[in-house]
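**Q** My structure is below; once you've seen it, I'll send some questions.
The values are calculated or read from the model by the stated rules, or taken from the named source; none is laboratory data. This is a predicted model, so every value here is computed, not measured. Here the Cβ positions follow ideal geometry from the backbone for every residue, glycine too, while neighbour counts run over all protein chains shown.
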Amino acid sequence: MLSDRLSRRNEAVADITSSWGKEQNVIGPVLGIPFQYKFKAVKETPGPDGKLERREVEETAIGNAYFLPQALKIDGDAQTQTLHRGIYAAAVFRAQVTLSGKFAPPDFGSLKIDMEDVQWKDAFVTIAINDLRGTREGLVLD
């Protein structure tokens, strides 16, 4: 009987919280800046006699360098609410969160990346949120 009631309670809580999203974790912001780099690779190609010839070639690829903010301020205001399904209840919350900060000029020297290989035009800021179903408004980056 106890197991059956616990199972029903868990189903009711899951039903209540399904439209609210799960636990929220905000990760970031992180500045990502693509850069070009060269590396040597060994390629095998068929030679004129049919044997495979191995040649070392220089190839170009794109990597990303990531930088954390120099300063970060997080402000939030959360309100909790209890929702019911029959005799069962679950607590949910709504929060307004604002992140503000500043990135220092990226130091590529310590990463041994030449400044002419940095692709500034493709730089991006990324923020990770583990369950977007819980967002009610668009996320805005200014």
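**Q** From the list Ser3, Ser110, Ser7, Ser100, which one is in a helix (DSSP H, G or I) and under 25 Å from Phe124 (Cα atoms)?
**A** Details: Ser3 fails: under 25 Å from Phe124 (Cα atoms); Ser7 fails: under 25 Å from Phe124 (Cα atoms); Ser100 fails: in a helix (DSSP H, G or I).
Ser110 is the lone residue from the list that is in a helix (DSSP H, G or I) and under 25 Å from Phe124 (Cα atoms).
**Q** Something else: Restricting the search to the range 102-115, which residues are closer than 14 Å to Tyr66 by Cα, surrounded by fewer than 10 Cβ atoms within 10 Å (Cβ to Cβ) and under 22 Å from the mean Cα position of the chain (by Cα)?
**A** Pro105
**Q** Across the range 121-142, which residue is nearest to Pro29 (Cα to Cα) among those that are of a type in the set (A, V, I, L, M) and surrounded by 12 or more Cβ atoms within 10 Å (Cβ to Cβ)? Write out each step before concluding.
**A** Kept after step one, since they are of a type in the set (A, V, I, L, M), are these residues of the range 121-142: 123, 125, 127-129, 132, 139-141.
Those still in the list that are surrounded by 12 or more Cβ atoms within 10 Å (Cβ to Cβ) too: 123, 125, 127, 129.
Working: Ala123: 13, Val125: 6, Ile127: 5, Ile129: 11 Å.
So, considering only residues that are of a type in the set (A, V, I, L, M) and surrounded by 12 or more Cβ atoms within 10 Å (Cβ to Cβ), the one nearest to Pro29 (Cα to Cα) is Ile127.
**Q** Further question on the same structure: Among the candidates Ala71, Ala61, Ala65, Ala12, single out the residue that is farther than 27 Å from Ala123 by Cβ and of a type in the set (A, V, I, L, M, F, W, C).
**A** Working: Ala71 fails: farther than 27 Å from Ala123 by Cβ; Ala61 fails: farther than 27 Å from Ala123 by Cβ; Ala65 fails: farther than 27 Å from Ala123 by Cβ.
Checking each option against the conditions leaves just Ala12.
**Q** Residue check, Thr17 against (1) modelled with pLDDT under 95; (2) over 23 Å from Gly134 (Cα atoms); (3) not aromatic (Phe, Trp, Tyr), all met but one. Which one?
**A** (2)
**Q** Does Val118 meet the test of being in contact with a Gly (Cβ under 7 Å, 6 or more places away or on another chain), modelled with pLDDT of 85 or more and surrounded by 11 or more Cβ atoms within 10 Å (Cβ to Cβ)? Write out each step before concluding.
**A** Numbers: in contact with a Gly (Cβ under 7 Å, 6 or more places away or on another chain): no; modelled with pLDDT of 85 or more: yes; surrounded by 11 or more Cβ atoms within 10 Å (Cβ to Cβ): yes.
Against the criterion (in contact with a Gly (Cβ under 7 Å, 6 or more places away or on another chain), modelled with pLDDT of 85 or more and surrounded by 11 or more Cβ atoms within 10 Å (Cβ to Cβ)), Val118 does not qualify.
**Q** Consider only pairs whose beta carbons are under 6 Å apart and that are at least six residues apart or on different chains; among these, list those whose first residue lies in the range 121-142 and is farther than 18 Å from Pro106 by Cβ and whose second residue is exposed (fewer than 12 other Cβ atoms within 10 Å of the Cβ) and among the hydrophobic types (A, V, I, L, M, F, W, C).
**A** Ala128/Ile27
**Q** Separate question: Report, by residue number, each residue of the range 10-39 that is under 30 Å from Asp117 (Cβ atoms) and of a type in the set (A, V, I, L, M). Walk me through it before giving the result.
**A** Residues of the range 10-39 that are under 30 Å from Asp117 (Cβ atoms), as a first pass: 27-39.
Result: Ile27, Val30, Leu31, Ile33.
**Q** Kindly evaluate Ala90 against the criterion of being surrounded by 11 or more Cβ atoms within 10 Å (Cβ to Cβ) and either of a type in the set (Lys, Arg) or within 26 Å of Thr126 (Cα to Cα) (or both).
**A** Numbers: surrounded by 11 or more Cβ atoms within 10 Å (Cβ to Cβ): yes; either of a type in the set (Lys, Arg) or within 26 Å of Thr126 (Cα to Cα) (or both): no.
Here the answer is no, as Ala90 does not meet what is asked.
**Q** Count, please, the residues in the range 17-42 that happen to be under 20 Å from the mean Cα position of the chain (by Cα) and under 26 Å from Asp122 (Cα atoms).
**A** Going residue by residue through the range 17-42, those that are under 20 Å from the mean Cα position of the chain (by Cα) are 21-35.
Now drop any that are not under 26 Å from Asp122 (Cα atoms), which leaves 26-35.
So the count comes out to 10.
**Q** Hey, among Ala65, Ala78, Ala61, which residue is out of contact with any His (no Cβ under 8 Å at 6 or more places or on another chain), small (Gly, Ala, Ser), in contact (Cβ under 8 Å) with a residue 24 or more places away in the chain and within 30 Å of Arg133 (Cα to Cα)?
**A** Working: Ala78 fails: in contact (Cβ under 8 Å) with a residue 24 or more places away in the chain; Ala61 fails: within 30 Å of Arg133 (Cα to Cα).
It is Ala65.
**Q** Residues being loosely packed, with under 10 Cβ neighbours inside 10 Å and among the acidic types (Asp, Glu): count how many of those fall in the range 9-43.
**A** Applying the first criterion (loosely packed, with under 10 Cβ neighbours inside 10 Å) to the range 9-43 yields 23, 25, 38-40, 42.
With among the acidic types (Asp, Glu) added as a condition, the list becomes 23.
Qualifying residue count, the range 9-43: 1.
**Q** Quick one: Leu6 ticks every box in (1) surrounded by 10 or more Cβ atoms within 10 Å (Cβ to Cβ); (2) in contact (Cβ under 8 Å) with a residue 12 or more places away in the chain; (3) of a type in the set (A, V, I, L, M) bar one, so which box is it?
**A** Going through the list (1) surrounded by 10 or more Cβ atoms within 10 Å (Cβ to Cβ); (2) in contact (Cβ under 8 Å) with a residue 12 or more places away in the chain; (3) of a type in the set (A, V, I, L, M), Leu6 breaks only (2).
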